[in-house]
């Protein structure tokens, strides 16, 4: 498992261990895994995907590996396309030499674009899939997903912060592009199934939930479920480049990551074909609709170890520090300086309106670090 400390990876390790698999977690710094709730149930392996020698040494130390889950990406960092392509090539070559049977890769949709104007993020996802597929190498299962919903997911947290912080939301035309989102529970369902070559042949599959929607509609749905009031205004002059800059300034999500994801919304994000539904039965209660996924994500009150979550949509204590919404982040900050006898009063933060909580938390972040949210060129 590469990317084991990430949002999807940490939950996938939990699911695989629960399913009875022997899991080896590959990371540049194995000591970082000690904070993960499943640490005692896995075997850590030192692996730096950017270093071909390190990757070969990791496979030699691991012994026989049947399946590699490839969840590595450098999105949001300068030159991430070249870095991601090289890392994928290193892992594919080492996996071939180690007689690995299969690589399962979670990427994104790559929509058809006759003008060749796909975002850097979408282009990179396809390049990684190509780099993982080499002659004589392991069979590759490429699962493509659009927005993944669950507390801690970058896609969901961006929706949460936009919905909480902006009572008036400009709506450019591209925010009505169709999107096929999917819940984290259903992503894990498909990823676990993809390890079985008898069930899922090598190939590319787009995975999605049961609802086709748009980012505009998602904001309305989020507002209804969360109880946050907002209104929207047409904004024909706002392109994704400008929206990326605004997002980087206004949201606590790392600026490069937020910008790359926003630019991807310039394209319809629709699943191609039926994905894995012809090969993998739906979960017993069916794929989760958007409303249910958002409701589950918002039901998370206190971060827990990732292997102790009652629902993978809930926030884990290993998720990014900026995840969970402004109210939680303010309560965390206040809890560090509040005497234990007064901590029950921290519940009052729940009554702070979203835009005020967002402005307060952003101001405190800047005051504490003495740096602006973004740096102007």
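Residues in region 34-53 that are under 21 Å from residue 316 (Cα atoms), part of a helix (DSSP H, G or I) and touching a residue at least 12 places away in the same chain (Cβ under 8 Å): 35, 41. Of all the numbered requirements in (1) part of a helix (DSSP H, G or I); (2) touching a helix residue (DSSP H, G or I) at 6+ places or on another chain (Cβ under 8 Å); (3) surrounded by fewer than 16 Cβ atoms within 10 Å (Cβ to Cβ), residue 56 misses one, and that requirement is (3).
Of the candidates 259, 293, the single residue that is assigned to a helix (DSSP H, G or I), in contact with a strand residue (DSSP E or B) (Cβ under 6 Å, 6 or more places away or on another chain) and either modelled with pLDDT of 95 or more or buried (at least 19 other Cβ atoms within 10 Å of the Cβ) (or both) is 293.
The set of residues in region 296-317 that are assigned to a loop (DSSP other than H, G, I, E, B), surrounded by 15 or more Cβ atoms within 10 Å (Cβ to Cβ) and touching a helix residue (DSSP H, G or I) at 6+ places or on another chain (Cβ under 6 Å) comprises 312, 313. The residue of region 22-36 that is farthest from residue 90 (Cα to Cα), among those that are surrounded by 16 or more Cβ atoms within 10 Å (Cβ to Cβ) and at pLDDT 95 or above, is 36.
Out of 200, 187, report the one residue that is under 27 Å from residue 296 (Cα atoms), touching a helix residue (DSSP H, G or I) at 6+ places or on another chain (Cβ under 8 Å) and crowded, with 18+ Cβ neighbours inside 10 Å. Walk me through how you get there before you give the answer.
Details: 200 fails: under 27 Å from residue 296 (Cα atoms).
Of 200, 187, the one residue that is under 27 Å from residue 296 (Cα atoms), touching a helix residue (DSSP H, G or I) at 6+ places or on another chain (Cβ under 8 Å) and crowded, with 18+ Cβ neighbours inside 10 Å is 187.
In the set (1) assigned to a helix (DSSP H, G or I); (2) at pLDDT 95 or above; (3) in contact with a helix residue (DSSP H, G or I) (Cβ under 9 Å, 6 or more places away or on another chain), residue 68 fails one condition alone, (1). Filtering region 1-28 to residues that are without any contact (Cβ under 8 Å) to a residue 12 or more places away in the chain and farther than 27 Å from residue 147 by Cβ leaves only 20. Apart from one condition, residue 277 fits all of (1) surrounded by fewer than 17 Cβ atoms within 10 Å (Cβ to Cβ); (2) farther than 30 Å from residue 202 by Cα; the exception is (2). Pairs are defined by a Cβ separation below 8 Å, a sequence spacing of at least 6 or placement on different chains, a first member in region 85-100 that is outside any helix (DSSP H, G or I), and a second member that is crowded, with 19+ Cβ neighbours inside 10 Å; the pairs so defined are 98/59; 98/65; 100/59; 100/65; 100/67; 100/68; 100/138.
The values are calculated or read from the model by the stated rules, or taken from the named source; none is laboratory data. Treat the numbers as computed from the prediction; the structure is a model and nothing was measured. Using ideal geometry, Cβ is built from the backbone for each residue, glycine included, and neighbour counts are taken over all protein chains shown.
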